[in-house]
Amino acid sequence: MISDLQASRAWTAALVCLLIVVCGSCSHLHIVAPAELRDKYASMKFAIAHVGFIPWNRTISGEVFYADPKDACGPLKGVQGDSRTMLSLIIAERDGCSLSTKAYWGLISGARGMILIDSDKEDIDKVNLVDPLSGGDSAVEFPIVMVSKEDGAELLANINKDQYTVGYSTLSVSLSFGLNAKTTVEVEYWMDPLHRDSYSFIDMFETYFFGKLLS
């Protein structure tokens, strides 16, 4: 006879295996407004820039302002000191300067994060966005992601051109960062629910997994 605790742990084992498989691709951009764009896209994929700070297992939301200058390689117009835009996100062109430079000006601007638009038509899942100057160890704690060229064009098309004059943007998004998974692997764990030693792995992994999740 299997006890309730054993049955619960057996389900935990199945859940653990599922999370290992799927959480490597849990990072997505979700449209908040306008409603027309939200209805068109359930979500957009993005590549994460490895230039220092990555807010794993967190979500960053805000209105999206088109950077001025467009490459975010200098002081950003219309952001400094504005309590509204200080809680916003910046969208900018990929090229023009290093990721570390963009992160610096984004941080100085007071924005919460930056969305880059890829300059090439390529599979965003295969893009390794690393700043060769920083080697991924930039001291600037500012999150940067990059969407595909096609998705970037859709986002820009939904930003009002008078955003800095009226003080708000018609585009709002949320950036959801998944768990920090360096490699996605599929794991099958077979266990005998009647054998006490079968639960040792579940006990150890449960402590590790939820400890990381809540940290």
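So here's what we get for this one:
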item: Residue list for the range 119-141, restricted to those being modelled with pLDDT under 80 and either assigned to a helix (DSSP H, G or I) or polar (S, T, N, Q) (or both); result: S134, S138
item: Considering residues of the range 159-169 that are closer than 18 Å to I117 by Cβ and not basic (K, R) only, the residue surrounded by the fewest Cβ atoms within 10 Å (Cβ to Cβ); result: N160
item: Unique residue being closer than 24 Å to S169 by Cα, open to solvent by less than 60 Å² (accessible area, probe 1.4 Å), assigned to a loop (DSSP other than H, G, I, E, B) and modelled with pLDDT of 90 or more when the list is D71, D151; result: D71
item: Candidates L116, L179, L156, filtered to the one that is closer than 29 Å to A35 by Cα, surrounded by fewer than 20 Cβ atoms within 10 Å (Cβ to Cβ), among the hydrophobic types (A, V, I, L, M, F, W, C) and modelled with pLDDT of 90 or more; result: L156
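The values are calculated or read from the model by the stated rules, or taken from the named source; none is laboratory data. Here the structure is a predicted model, which means the values were calculated and not measured. Glycine gets a Cβ as well: all are built from the backbone with ideal geometry, and neighbour counts include every protein chain shown. Ligands, DNA and RNA are stripped out before the accessible areas are found, and what is left, the full protein with its side chains, is counted by its heavy atoms. Shrake-Rupley method; radii C 1.70, N 1.55, O 1.52, S 1.80 Å.
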